[in-house]
Amino acid sequence: MTAAKTGAAAVLADLVRTQAGLDLPVRLRAWDGSEAGPEHAPVLVARSPRALRRILWRPGELGLARAYISGDLDVDGDLTDGLRRVWAAARRQAPGGGAEPARAPFPGPKAAWAAIQAVARLKLPLWPPPPAPACELRVRGRRHSRARDQAVIAGHYDLPAAFYRLILDPAMAYSCADWTGAHTLAGAQHAKLDLICRRLDLQAGTRLLDLGCGWGSLTVHAARHHRARVTAVTLSAEQGGHVRQRVRDEGLVGRAEVRIQDYRDPLASNYDAIASVEMGEHVGAAQYPGFCAALHRVLRPGGRLLIQQMSRGARAPGGGSFIESYIAPDMHMRPVGETTGLIEKAGFEVIEVRAMREHYVRTIRAWLDNFEQNLPAITRILTPEQVRVWRLYLAGGALAFEQGRMGVDQILAVKAR
């Protein structure tokens, strides 16, 4: 037999074919130089036997993510194309060829035994289990307790503002843009911010609560262009410090103030308008009714509420073990209809819902382009593992919106007079 047929790549391809019921959707190059899989496809490079051990100890998405983030597994070619091929293969394998594959289950005894036999055939050690990458988020405590929420937000958002400046637009908007009529990321984000301000009917002196203000894009835009009086709230110390400096630098101290606090802490009342842009995903399922009640309590009668929030389809899982472990632990998404129902139950009248899923595909791909173009500067800020996390996050996120596994919507509501 030739080396190509007896090497590690052939053994692994056979394992995938017999136990997962599918041919390799990408080409595989193993640590011994052997290759298997279709020609002219992105090449999955297993640089070390540790890649296989990671996948065996954590089958499914998390094991693959750990192998990639650690550098034991790499992609030679277009990462997005590789991920797209894997999802297509998973859809074909799903019962009835459904549009949405189920999440990878822990293998049964037969599959586990076959994997162990493959490891033995390759003369690889199975023990000890490889440690998780150092940048994996490890949060403890009761889910959505104040301390745990603080740790979750710090894990993702407390990276230096200099990093986000390299991937976002000049306004530092870290949320879905509006590409209607726009041709650049900066133009699309400006259009989104102006749309929010118009939908909230902001005028000079309007009291706006920007709840989950991020890096201050909406706060600055509303204060500068619409002369609103803005209270910006964030749980991230890094973001809060950055927005305070922006407010000072742009001469907006009299029109904008920044608070680093939990949304459950006391807030002033009788705001004319409230915006919450891609914060609601982090609130939690059990806490969301209380979140809506808090918004209702501090908004004046007749005031407007705009929530921009990610959603998932009724059958699509959204999220996943990679997101939970590296980006946003405890994130919860639901179909948009369920969210509007919760908002209405809190006493609001929902007057408009605008789907923006396709806009997020373009937004995230623009971020990924900026990421790759500014990679030399980014590598001076992030560790090699963090660089891989962000590349996988952006490529996978754009694909999730492209395939309709995730959505994003603007929900406009009013509090009855």
For segment 379-387, Karplus couplings with θ = phi - 60° (6.51, -1.76, 1.60), whole Hz, Gly/Pro x: 5, 7, 10, 9, 6, x, 5, 5, 4
Could you give me D for segment 263-306, from Stokes-Einstein at 4 °C and 1.567 mPa s, where the hydrodynamic radius is the Kirkwood radius over C-alpha pairs? Units µm² s⁻¹, please. 118
Amide H neighbours of ARG259 under 5 Å, at least 5 residues apart or on other chains, H built in the peptide plane: list them. ALA232, VAL233, THR234
Restricting the count to DSSP beta bridges whose residues both fall in the chain, what percent are antiparallel, rounded to a multiple of 5? 50
With a 10 Å cut-off between alpha carbons and a GNM built on the chain, which of GLY212, GLY396, GLY341 moves the most? GLY341
At 1.567 mPa s and 4 °C, plugging the Kirkwood radius over alpha-carbon pairs of segment 226-379 into Stokes-Einstein gives what diffusion coefficient in µm²/s? 73
Run the Debye formula on the Cα coordinates of segment 288-417, all scatterers equal and no solvent, and tell me log10 I(q)/I(0) at q = 0.21 1/Å. -1.15
Arranged by the count of other C-beta atoms within 10 angstrom, fewest first, what order do ARG146, ARG165 take? ARG146, ARG165
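Which translational diffusion coefficient, to the nearest whole µm²/s, is obtained for segment 156-289 from the Stokes-Einstein equation, given a Kirkwood hydrodynamic radius over C-alpha pairs, 10 °C and 1.306 mPa s? Provide the component values of the computation, followed by the final result.
On the way: Rh = 15.1 Å.
Value of D from the Cα-based Kirkwood radius: 105 µm²/s.
Take peptides 76-85, 234-243 and line them up by average Cβ neighbours within 10 Å, highest first, as a rough protection proxy. Before the final figure, lay out each step's value.
Details: 76-85: 17.1, 234-243: 21.4.
Sorting 76-85, 234-243 by mean packing, highest first, produces 234-243, 76-85.
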Relative frequency of Cα-Cα separations exceeding 22 Å in segment 155-228, percent: 24
Once amide hydrogens are built 1.01 Å from N within the peptide plane, the residues lying 5 or more places from GLY303 or on another chain with amide H under 5 Å from its amide H are LYS415
Helix 357-373 sits off the longest principal axis of the Cα atoms of the chain, rounded to the nearest 10 on a 0 to 90 degree scale, by 70
Can you give the angle from 0 to 90° between the axis of helix 146-157 and the longest principal axis of the chain, with both taken from C-alpha atoms, to the nearest 10? 70
Of PRO266, PRO25, PRO170, which has the largest mean-square fluctuation in a 10 Å C-alpha GNM of the chain? PRO266
Integer Hz, Karplus 6.51/-1.76/1.60 couplings in order for segment 116-127, x for Gly and Pro: 5, 5, 5, 4, 5, 4, 8, 6, 10, x, 9, 10
tail above 35 Å in the computed P(r) of segment 146-415, as % of all Cα-Cα pairs, reads 9
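Each value in this text was obtained by applying a stated rule to the coordinates, not by laboratory testing. Not measured: the values here are computed from a predicted model. FYI the Cβ positions are ideal-geometry reconstructions off the backbone, even for glycines, and counts take in every protein chain you see.
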